[in-house]
Amino acid sequence: MTSDSRPGLPGRASGLVWFAAYFLIALLGRWQVGALQEDYGAFEDEASHMVTSAMVRGYATSFSPAHPIAYVEDYYLHYPKVAAGQWPPVLHTYYAAWMIPFGVNRWTILLASAGIAALAASATRTLALRTLGAPIAAWLGIGLLTIPLVQELTAAPMTELLIGALGAWGVFQFGQYLRGGQARHAWWYGLITLVAVWTKGNGTGLIAVALLAPWLAGRPNRWLTSGTIGSGLLVGLGGGAWYMATMHFSQTTWAGQDRTLEEYARAAVFFYSSELWWVVGSVVGGLAMIGWASGWRSERRRDGTAAATAWLLGLSACHWFIRTGIEARHVASALPVVLVLAGQGAIWCAQHLGWSGRPQALWAGGAIAVGLACQSWAPAHSPHRGYRTAVDEVLQLPSGDAAPWLVASDALGEGLVVAEAVLHDPRHERLQVLRASKVLARDGWLGQGYRLLHRSEDDLLAFLQRIPVGYVFFDRALWRRQWYPHDSQLLRILQDPEGAFELVAEFPVTRDGIVYPRALEVYRLRGFEELPVHPLTLDEVLAREPSQR
């Protein structure tokens, strides 16, 4: 994982060629399995990232004199899935940059997501190239793209693969610094770490590389130098400013608050350890352990192994002790470094079999390929469908966009409808979507302190008519998932045969691979076109104050 000259194309040209190859592999793979037909629900945060990116693009291209906060609030009034402040700005700025020339559509999001996957594969190759050689380094990048979790993230606007790419590049630069002592590598490490910190909170795990790697590599003279001090100031000032400004807000969204820190950490350690082993498989996992152990014995690989170990420890500490939720997708950030360690282990095995040169690289690459193939993986695909069809057809109904919509589902289902609305009206000029979980009840981000905002069904009906709501999307697929009192209250109004609403359509939906026939019901408020309009305030959309007492 340190510098070593190799014949062939110049480094930058070769890197660009391989990035293009990885990009095409990632893009064509997801296009072939129908990613353009999927809804944005493979991961719960998908809709928030997509909507927030569209909001950034809208502000950047509107040339509006409005204050950014005012624009964000107005956008949230229309599409209550904006998460500016909950996540740092790098990911949303990246997607917005793609959306500016290409628009807010499925192709743009797929292209941008494939670009992130290609960055992760390129970072894997870069980290492996210097010590493992060009053939196996290139194959490791391809191997990363074959992992089902990576495939699924390739079609999703998510942070995990970007953090994985930045982590691998940070490890590479600091490994170079440990070996040669050039300050420029420490500065590059600091800049990469700052970008990671501005991408997601677990990017702070890269700070552990500067703190632990010199000690692990036996090079304490690399600790306090102009390079490490300068990069530390860069990360501390830049990253600290963001998190000081947003910590109070972001902490309210953390999961696991019902457990003690010890209970949460114990559950996280067990889950992520077993999940990582399951994702890479026993063959690749075993080779990674061999590669990690052998790295300490090699003068050439010790510095890189120390930096990789420090990154994995820092990343693990973020997920073990910061209660942001225990989810399988988080292990994707570790995969580039784990695969490079596996390649290191494969090379070690080949050397001890007496092979050298090209046969060694072919054997090692074959071992990784066989290890991945042993998992009998099929291409992953998004498990949610149907919400797109419902939104498309409602827009074809009379006055389909003339009044706000109300969607009643869990957070994921509500986000699916909001995301589809944004794809139709990214500048929030025609559509407005209200989330039942926000305007019919009051609770915290994670459901704590729940209470109804409307004491009776008559109060609720009066509220819906006062807005007025034009169409209501009611998701019966959330039955036995997250059914709340406001769902029952709303359903009784909707199903009243002589009431104010009429059923106009039913749609099948797929959630987590399970098909729910006629689960998404769409109701129309009779005569809403003739009712006076009373737009909701931001306080009402955020449920800061009960709309009626």
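The values are calculated or read from the model by the stated rules, or taken from the named source; none is laboratory data. The structure displayed is predicted, hence computed values, not measured ones. Backbone-built Cβ (ideal geometry, glycine too); neighbour counts: all protein chains shown.
Overview of results
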| read-out | value |
| --- | --- |
| For Pro65: the one exception among (1) part of a loop (DSSP other than H, G, I, E, B); (2) closer than 25 Å to Arg435 by Cβ | (2) |
| Residue within segment 79-99 that is loosely packed, with under 15 Cβ neighbours inside 10 Å and over 23 Å from Tyr243 (Cβ atoms) present | no |
| Residue within segment 166-174 that is without any contact (Cβ under 8 Å) to a residue 40 or more places away in the chain, under 14 Å from Ala213 (Cβ atoms) and out of contact with any Cys (no Cβ under 8 Å at 6 or more places or on another chain) present | yes |
| Close pairs (8 angstrom Cβ cut-off, 6 or more residues apart or separate chains): assigned by TED's automatic domain parsing to the domain that holds Asp392 in segment 506-519, among the β-branched types (Val, Ile, Thr) and surrounded by 15 or more Cβ atoms within 10 Å (Cβ to Cβ) anywhere | Glu506/Val522; Phe507/Thr389; Phe507/Val522; Val515/Val509; Tyr516/Val509; Tyr516/Thr510; Ala519/Val509 |
| Condition broken by Glu521, with the remaining ones in (1) surrounded by 17 or more Cβ atoms within 10 Å (Cβ to Cβ); (2) assigned to a helix (DSSP H, G or I) satisfied | (2) |
| Hey, Leu111 surrounded by 23 or more Cβ atoms within 10 Å (Cβ to Cβ) and part of a helix (DSSP H, G or I) or not | no |
| Verdict on Gln548 being closer than 17 Å to Asp458 by Cα, at pLDDT below 95 and of a type outside the set (Asp, Glu) | yes |
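A quick yes/no check of all residues on (1) of a type in the set (A, V, I, L, M); (2) surrounded by fewer than 23 Cβ atoms within 10 Å (Cβ to Cβ); (3) at pLDDT below 90:
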residue: Gly11; (1), (2), (3): no, yes, yes
residue: Leu16; (1), (2), (3): yes, yes, no
residue: Leu24; (1), (2), (3): yes, yes, no
residue: Tyr40; (1), (2), (3): no, no, yes
residue: Glu44; (1), (2), (3): no, yes, yes
residue: Gly58; (1), (2), (3): no, yes, no
residue: Pro68; (1), (2), (3): no, yes, yes
residue: Tyr76; (1), (2), (3): no, yes, no
